[in-house]
Structures are given as structure tokens and as C-alpha cells.
Amino acid sequence: MQTHLRGRDMITTQEWTRSEIDTVMDVAFDLKRKRAVGEPHAYLRDKVLGMLFFFSSTRTRVSFEAGMAQLGGHAQFIESTTTQISHGDTAKEIGEIIGRYTDGIAIRQCDWDFGNQYIRDVAAASRVPVLNMQCDVYHPFQIMADLMTIQERFGREGLRGKTINVSWAYASSYQKPISVPQSLILLMTRFGMNVRLTHPPEYKLMPDILEQAKENARKSRGSFEILDDFDAGFKDADVVYPKSWGAMLTTSDNTESANIGKQYTDWITDSRRMGMAHEDAVYMHCLPADRNIEVTDEVIDGPQSIVYDEAENRLHVQKAVMALTMS
Ligand code: CP
């Protein structure tokens, strides 16, 4: 267990060592048990988290806010449009000023080719830890919750040799960020998993992220492969994680991206596809999902779906990171 994490930013899991991520999991499992048996755990009494949102949220907002209350502290909901950010407060000013009022700054800024740099600029000016609640490149707390959920299913040491299919799926609601698949392939390749990335040719991820995933897989003696056939991605997988993302690396035009997607409306997860995976395979999705477009009700509400455990585990991993970095 690592005990030197006070003051650390969490912008991507890639900047934390494997041992540090294991520590987050140790603390998250302990906090989950404590909440289940009603054991108080007010490790952050009188501490304040400033949560700055540039983009809508259900799970992230509610779980961070509930988590801070359960740790004995307080979380402030700050929306960019109702602050002076809209009139010119800079990232440096936000880091300097909110960092003097609070004990941690959490930010969701998903604008393409901007969000991650914004969070890093705030972090550079802040005296308190900065937590990435999702940017254009990474969604670290989602993916740590996913790791915890997979470990619950297969055992803490049981991931080696298991196959996860991180797949694109069609959605019509909006051009979703690429931060979830990118963070998934980065983290799961560090745990010896066989990581499969499946997408149509227009839905590529960032080349440097692919290189890091390959290197992670080499070091952990797992594997990393890229497929372009939706059905083939499901074959014998232990974990299937099909979700939509925008064609960010093909076009910066949202309408063009939406039109490209219309070629692939048959990339929907249904029971026939689930039948191609391992018989004990689990279905995961970070949510929100486009029901009956990305995935059928039968699958997302069916016995192989673990989406609600996955959503719950956001609370526990976030509390773990806050307790470790903000105490
Ligand atoms: N999965 C996720 O981040 O959910 P929200 O967008 O609702 O926060």
C-alpha cells in the first residue's frame, strides 16, 4: 500500500503507478464495506471539494457530492456558465483562487482539443489536488470504477488472461467523448488482460494512447489488438464494453461525425451478440446509454449486465482517491 498520495492530482491513471492504483482499490473496497455495514468514515471532516462542470452529468456530480458528505466534508457544485468564467476568469485564476478556498478542485471539461489542457492549466496554478471528472482525453474515475467492478466479478488477482472487448457502438443522441475507451485501454492493459479495441475505421483513438496501451500490455504480459468487425469483438470475450464515441480524429464537425455513424446503425449490442461472448461474460456501459440504439433493453436489463454495480463503484473509488489525496 502506498501512503504518499496526499496532494497528488488525478488527471489520468497512466500517471499513477500500478502500486498506487492497487492502493486506490484497497481503500475503495474498504470504504464500500464500511458503507455497507454503516461504519462512519469521516476522513475529510471540514474539507471542501470545488466541483467545476462545463458539461452535464448525473453519476459524476451526484457521486462526488455524496462521497464528500460521507467523508465528513462538503462539495460545492460550480457551473461554468453561472460563474465569471463566461466573462474571462482564466484557468490560472481558477486554480489560484479556488485552490485557496478549497481542499481539492474537481473539473469536467470535455471540449475537444481543449479540456485536458484546461485541467492541466488549473492544476499548474492550484495548491490543492486537481481531480479530472472527465476531459476530452481521459475519464479516470469511470475507469477505476470499471476496474473495481471487474475485480469484484473475477477476483482481485483474476484479471490476467481475461478478454475485454472495448467496442464502438452506434448512438444518435450526441457525439460522445473518446475519453472512456481511451482510459479503458490504458488501464486494463496494465492488469494483464487481453484488451480488444473494436471500431469502424472512422472511429480511431489517439495514436499516442494506442502506443501507450501497447506498451502497457507488453509490460504486463497481456495483449492489445484492434479489430474492425463488431461481431468478431464479442467472440469469447469475458467482458464486453460496447459504447458510442464521436469520430473526433476524422472530423471536428459534429454533424459530419453523426452522418458517418449512420453507416453503422447495426452496431447494437443484442442477445445474439452476447451469445457469442463467453457464457459467463458481463456487459458493461458507463452510462448514459442510448437504449435500443446502442444496446437493447433485453441486454442492459438482463442477467449479464453489471451497469448498476459499475455506477455504484464510482462512489467508492472517488471517495478512495479523495481520502488519499485531500486528507
Ligand atoms: N458515466 C458518467 O460519467 O456519467 P455522467 O455523465 O452522468 O456523470
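Of all residues in the stretch 6-47, those satisfying the criterion of being part of a loop (DSSP other than H, G, I, E, B) and surrounded by 17 or more Cβ atoms within 10 Å (Cβ to Cβ) are ARG8, ASP9, ILE11, THR12, TRP16, TYR43, LEU44, LYS47. Looking across the stretch 125-158, the residues that are away from the ligand (no atom under 15 Å from the Cβ) and either in contact with a strand residue (DSSP E or B) (Cβ under 9 Å, 6 or more places away or on another chain) or among the polar types (S, T, N, Q) (or both) come down to SER126, VAL128, PRO129, VAL130, ILE150, GLN151, ARG153, PHE154.
Checking each residue in the stretch 200-239 for being acidic (Asp, Glu) and touching a Pro at 6+ places or on another chain (Cβ under 9 Å) picks out only ASP228.
Please indicate, with yes or no, whether at least one residue in the stretch 169-190 is buried (at least 20 other Cβ atoms within 10 Å of the Cβ), modelled with pLDDT of 95 or more, among the β-branched types (Val, Ile, Thr) and more than 25 Å from ILE11 (Cβ to Cβ). No, every residue in the stretch 169-190 fails to be buried (at least 20 other Cβ atoms within 10 Å of the Cβ), modelled with pLDDT of 95 or more, among the β-branched types (Val, Ile, Thr) and more than 25 Å from ILE11 (Cβ to Cβ).
Could you tell me whether any residue of the stretch 48-69 is in a loop (DSSP other than H, G, I, E, B) and more than 16 Å from the ligand (Cβ to nearest atom)? Scanning the stretch 48-69, I find no residue that is in a loop (DSSP other than H, G, I, E, B) and more than 16 Å from the ligand (Cβ to nearest atom), so the answer is no. Inside the stretch 93-111, residues that are polar (S, T, N, Q) and either farther than 10 Å from LEU52 by Cα or surrounded by fewer than 14 Cβ atoms within 10 Å (Cβ to Cβ) (or both) make up a count of 1.
Just one of the numbered conditions (1) in contact with a Leu (Cβ under 9 Å, 6 or more places away or on another chain); (2) at positive phi is not true of GLY161; which one? (1) is the only condition that GLY161 fails. Here TYR264, TYR283 are screened, and the one residue that is aromatic (Phe, Trp, Tyr) and more than 21 Å from the chain's Cα centre (by Cα) is TYR264.
Please go through the stretch 50-83 and give me each residue that is closer than 18 Å to ARG35 by Cα and touching a Phe, Trp or Tyr at 6+ places or on another chain (Cβ under 8 Å), ordered by number. Hits for the stretch 50-83 are GLU65, LEU71, GLY72. Can you name every residue in the stretch 262-284 that is farther than 18 Å from ASP146 by Cβ, touching a helix residue (DSSP H, G or I) at 6+ places or on another chain (Cβ under 8 Å) and not in a helix (DSSP H, G or I)? Once the filter is applied, which keeps residues that are farther than 18 Å from ASP146 by Cβ, touching a helix residue (DSSP H, G or I) at 6+ places or on another chain (Cβ under 8 Å) and not in a helix (DSSP H, G or I), the stretch 262-284 yields ASP266, TRP267, ASP270, MET276.
The values are calculated or read from the model by the stated rules, or taken from the named source; none is laboratory data. Predicted, not measured: the structure shown is a model, and the values here were computed from it. So basically every Cβ, Gly included, is an ideal-geometry build from the backbone, and we count neighbours across all protein chains shown.
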